[in-house]
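Visitor: Before I ask anything, here is the structure I am working with.
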Amino acid sequence: MRVSLFAALAALTFAVTGCEKKPTTTETPKPVDAKPADVKPADPKAVVDAKPAEGDTILLGEVGSLTGSEAAFGISTRNGIELALEEANAAGGVKGKKLAVRVYDDQSKPEEAASAATRLITQDKVVAILGEVASSNSLAMAPKAQEAKVPMVSPSSTNPKVTEVGDYIFRVCFIDPFQGFVMARYAHDTLKFSKVAILTDKKSAYSEGLTEVFQKKFTEMGGRIVGVVAYSKGDTDFRSQLTNVKKLKPEGVYVPGYYQDVALIAEQAKELGLKVTMMGGDGWDSEKLFELGGAAVEGSYVSNHYSADDPSPRVQDFIKKYQAKFGAVPDSLAALGYDSANVVIDALKRAPDTSGPALRDAIAQTKDFPGVAGTITLDEKRNPVKPAVVLKVEGGKFKYVDTISP
Ligand code: PHE
């Protein structure tokens, strides 16, 4: 892990040191015409191709949590995107031009994500925006992209509301009504649980959405939700919530949160003698979960987008290339970051020009695209329909146990 973190940080420095001051304002976005001729030469240090000649570059934007509580999400995603661009440029670029990406760090905060999106649109005049990971951050960005008619593709935000913002907003991952169903079904049919408690992050659209779906599906299957206990992202003491959960005597606890909170919750649950199986979603996905949660997260189950254990050549080739470049096994964020960039690159090749409307239409037509985290065909709501995997935490890593199809 030390190696991978260093590699990730090195990449990050390379990618973001060129950014001017981090965005701090929340201006109202002005609609812009993102013609390629308007693309200003990007700051060389902020782009993947360090020598963009004027007019020869198609500039993409990226907003990610490169610091803050979800930093691991942004770093993995950034790596995946960088790999995709590097490959596309090595293969000659698109329409005779090289691709570059300008990245802004939103510090894991929705307000910052929104102003970064505005900045990419009005100042950098990017042709499309990649990001964010956390649904609450994508929800803050999407209205800016929609209003300016700049396509936005979220690699991994699973809350359904993200793409409902409008017809310029896409994603390359499945959505939470499916992900929540997957874990409810696994808990009920495979783990044979009949009494489950939920610990929900009331500050996160992602957590709230999954809580609602899990509760509904698990109950429909004949199970009982014995209680829903709330916490807030960034809390560090979960003992009172866990004491309440313990009193409810559940067989399992569903925690649809992000890795940092989850690791602390698991540790404190162990300390309080709450010996039940924990279950979660994609938000658990980070090496950090094992670093911070250690033995406390062992034996838990999560739903996720991809498994590094998948023997298919498409997955194994990607892992090999990623590992060679970053010295780590890619998580699902890296895989989805890679897929999101490749979907936009594919659409750029098919679009008659790089204007927002033309690129939007080309992205909307994405069909049977061979993504690492599953084949992508976008439906009329701009979401792909893909299977999910169930993974078990075993020996300090995620082990593949099942695939559940929609
Ligand atoms: N799906 C999460 C969200 O919408 C983000 C996430 C995706 C986190 C994949 C980890 C892995 O907030």
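The values are calculated or read from the model by the stated rules, or taken from the named source; none is laboratory data. The model shown is predicted, which means the values in this text are computed figures rather than measured ones. Every residue, glycine among them, receives a Cβ derived from its backbone with ideal geometry; neighbour counts consider all protein chains shown.
Visitor: Being in a helix (DSSP H, G or I), of a type in the set (Phe, Trp, Tyr) and touching a strand residue (DSSP E or B) at 6+ places or on another chain (Cβ under 8 Å) is the filter here; which residues of the range 243-293 pass it?
Guide: Across the range 243-293, the qualifying residues are TRP284, PHE290.
Visitor: Give the residues of the range 142-188 that are outside any helix (DSSP H, G or I) and either more than 15 Å from the ligand (Cβ to nearest atom) or of a type in the set (A, V, I, L, M) (or both), sorted by residue number.
Guide: LYS149, VAL150, PRO151, MET152, VAL153, VAL165, GLY166, ASP167, TYR168, ILE169, VAL172, ILE175
Visitor: Select from the range 81-112 the residues that are under 14 Å from GLU132 (Cα atoms) and touching a Pro at 6+ places or on another chain (Cβ under 7 Å) and write down the one among them that is surrounded by the most Cβ atoms within 10 Å (Cβ to Cβ).
Guide: The qualifying residue surrounded by the most Cβ atoms within 10 Å (Cβ to Cβ) is TYR104.
Visitor: Taking the condition of being within 24 Å of ASP189 (Cβ to Cβ) and either acidic (Asp, Glu) or away from the ligand (no atom under 16 Å from the Cβ) (or both), how many residues in the range 279-302 meet it?
Guide: Number satisfying all stated conditions: 4.
Visitor: Would you please name the residue that is surrounded by the most Cβ atoms within 10 Å (Cβ to Cβ), looking only at residues in the range 211-268 that are among the basic types (Lys, Arg) and farther than 22 Å from ASP282 by Cα?
Guide: Per the criteria, the residue is LYS246.
Visitor: Among the residues in the range 326-334, are any more than 16 Å from the ligand (Cβ to nearest atom), outside the structural domain of SER204 (by TED's automatic domain parsing) and not in a loop (DSSP other than H, G, I, E, B)?
Guide: Yes: the range 326-334 contains one or more residues that are more than 16 Å from the ligand (Cβ to nearest atom), outside the structural domain of SER204 (by TED's automatic domain parsing) and not in a loop (DSSP other than H, G, I, E, B).
Visitor: Now for a separate question. Name, by its number, the condition in (1) within 26 Å of GLN215 (Cβ to Cβ); (2) in the same structural domain as LYS349 (by TED's automatic domain parsing) that does not hold for GLY180.
Guide: The one condition GLY180 does not meet is (2).
Visitor: Identify, by number, the condition in (1) buried (at least 23 other Cβ atoms within 10 Å of the Cβ); (2) among the β-branched types (Val, Ile, Thr); (3) not in a strand (DSSP E or B) that ILE319 doesn't meet.
Guide: Result: ILE319 passes all but (1).
Visitor: Does the range 368-381 hold any residues that are crowded, with 23+ Cβ neighbours inside 10 Å and more than 19 Å from GLY80 (Cβ to Cβ), and which are they?
Guide: none
Visitor: Now for a separate question. List every residue pair whose Cβ atoms lie under 6 Å apart, where the two residues are 6 or more positions apart in sequence or sit on different chains, the first residue falls within the range 273-296 and is farther than 21 Å from ARG239 by Cβ and touching a residue at least 40 places away in the same chain (Cβ under 8 Å), and the second residue, located anywhere, is away from the ligand (no atom under 15 Å from the Cβ) and not in a helix (DSSP H, G or I).
Guide: Here the result reads GLU287/MET1; PHE290/GLY396, each pair linking the range 273-296 to a residue that is away from the ligand (no atom under 15 Å from the Cβ) and not in a helix (DSSP H, G or I).
Visitor: Looking at VAL165, VAL103, which is the one that is among the aliphatic types (A, V, I, L, M) and in contact with a strand residue (DSSP E or B) (Cβ under 7 Å, 6 or more places away or on another chain)?
Guide: The unique qualifying residue is VAL103.
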